[in-house]
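Since the structure comes first, as structure tokens, the remarks are kept for the end.
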Amino acid sequence: AQTVTQSQPEMSVQEAETVTLSCTYDTSENNYYLFWYKQPPSRQMILVIRQEAYKQQNATENRFSVNFQKAAKSFSLKISDSQLGDTAMYFCAFMKQRAMRFGAGTRLTVKP
Amino acid sequence: DSGVTQTPKHLITATGQRVTLRCSPRSGDLSVYWYQQSLDQGLQFLIQYYNGEERAKGNILERFSAQQFPDLHSELNLSSLELGDSALYFCASSEDGNEKLFFGSGTQLSVL
């Protein structure tokens, strides 16, 4: 079974600075999808970014980018120019054959 | 707004009771997923339906069941409720079952 590990339960960053959230996963599959989801205090799950494993190029969405290291099974999220609205739980997720598995999450606090 | 609608938003019931949670996917999405989010278990995948058929099963208890109807809405039935079933239940939908998931705002279930 695939497992997703987020080793940082909590992190904080100053507004306008850059922060990187870590995620590792375990799988024997070659083709799969990786995601980062954000859950703000409203508890809505919001898709931040998606990476397809067969694509070598790292995905980017505005201030959010990933560092996808397939051989190392690592998928970190970099948030640039952090904003107060980025304060949320961030979940890394792995998807293969229709089942999406989530990590335990990292609670990110952006400080003014 | 993700386009996924879940009702009710909140549900309070007693142990031993049965409840039904409802989900309407985004227009055009054929796949519906159910997730349970609790403090001790995190986000757990329960079950997935694609165009009316069960496609993947996760950590769903035998007391729980789900179905997807011809109009593609889905219901999650929880019976013989226990205190430990108190959680936030998410529904998510996707177009073909292997793409990014869009989540509803969840149903907060409290079993007293």
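Does B:VAL111 satisfy being open to solvent by less than 40 Å² (accessible area, probe 1.4 Å) and either within 21 Å of A:ILE46 (Cα to Cα) or modelled with pLDDT under 95 (or both)? Step through it out loud before you land on a result.
Details: open to solvent by less than 40 Å² (accessible area, probe 1.4 Å): yes; either within 21 Å of A:ILE46 (Cα to Cα) or modelled with pLDDT under 95 (or both): no.
Taking the combined requirement at face value, the residue does not satisfy it.
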Checklist entry - Going through region A:93-112 one residue at a time, which ones are under 15 Å from A:LEU21 (Cα atoms) and within 11 Å of chain B (Cβ to nearest Cβ)? => result A:ALA93, A:PHE102, A:GLY103, A:ALA104, A:GLY105
Item to check | Hey, B:GLN41 open to solvent by 90 Å² or more (accessible area, probe 1.4 Å), away from chain A (no Cβ under 11 Å) and either over 15 Å from the mean Cα position of the chain (by Cα) or in contact (Cβ under 8 Å) with a residue 12 or more places away in the chain (or both) or not | outcome: no
Next on the checklist: One residue is enough: does region B:97-104 have a residue meeting the conditions open to solvent by less than 10 Å² (accessible area, probe 1.4 Å), of a type outside the set (Gly, Ala, Ser) and within 11 Å of chain A (Cβ to nearest Cβ)?
Outcome noted: yes
Checklist entry - Considering only residues of region B:65-79 that are outside any loop (DSSP other than H, G, I, E, B) and farther than 16 Å from B:SER31 by Cα, which is most open to solvent (accessible area, probe 1.4 Å)? => result B:SER65
Checklist outcome for this item: Per the list (1) out of contact with any strand residue (DSSP E or B) (no Cβ under 8 Å at 6 or more places or on another chain); (2) within 14 Å of another protein chain (Cβ to nearest Cβ); (3) at pLDDT 95 or above, residue check on A:ALA88 breaks on (1)
Item to check | Residues (open to solvent by less than 40 Å² (accessible area, probe 1.4 Å), among the β-branched types (Val, Ile, Thr) and either in a loop (DSSP other than H, G, I, E, B) or within 12 Å of another protein chain (Cβ to nearest Cβ) (or both)) located in region A:1-55 | outcome: A:VAL4, A:THR27, A:VAL48, A:ILE49
Next on the checklist: Quick test for you: out of B:GLU62, B:GLU82, B:GLU53, pick the one residue that is open to solvent by 70 Å² or more (accessible area, probe 1.4 Å), free of Cβ contacts under 8 Å to residues at least 24 places away in the same chain and in contact with a strand residue (DSSP E or B) (Cβ under 8 Å, 6 or more places away or on another chain).
Outcome noted: B:GLU53
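The values are calculated or read from the model by the stated rules, or taken from the named source; none is laboratory data. Remember, predicted model here, so these are calculated numbers, not experimental data. So basically every Cβ, Gly included, is an ideal-geometry build from the backbone, and we count neighbours across all protein chains shown. Heavy atoms of the whole protein, side chains included, go into the accessibility calculation; ligands, DNA and RNA do not. Shrake-Rupley method; radii C 1.70, N 1.55, O 1.52, S 1.80 Å.
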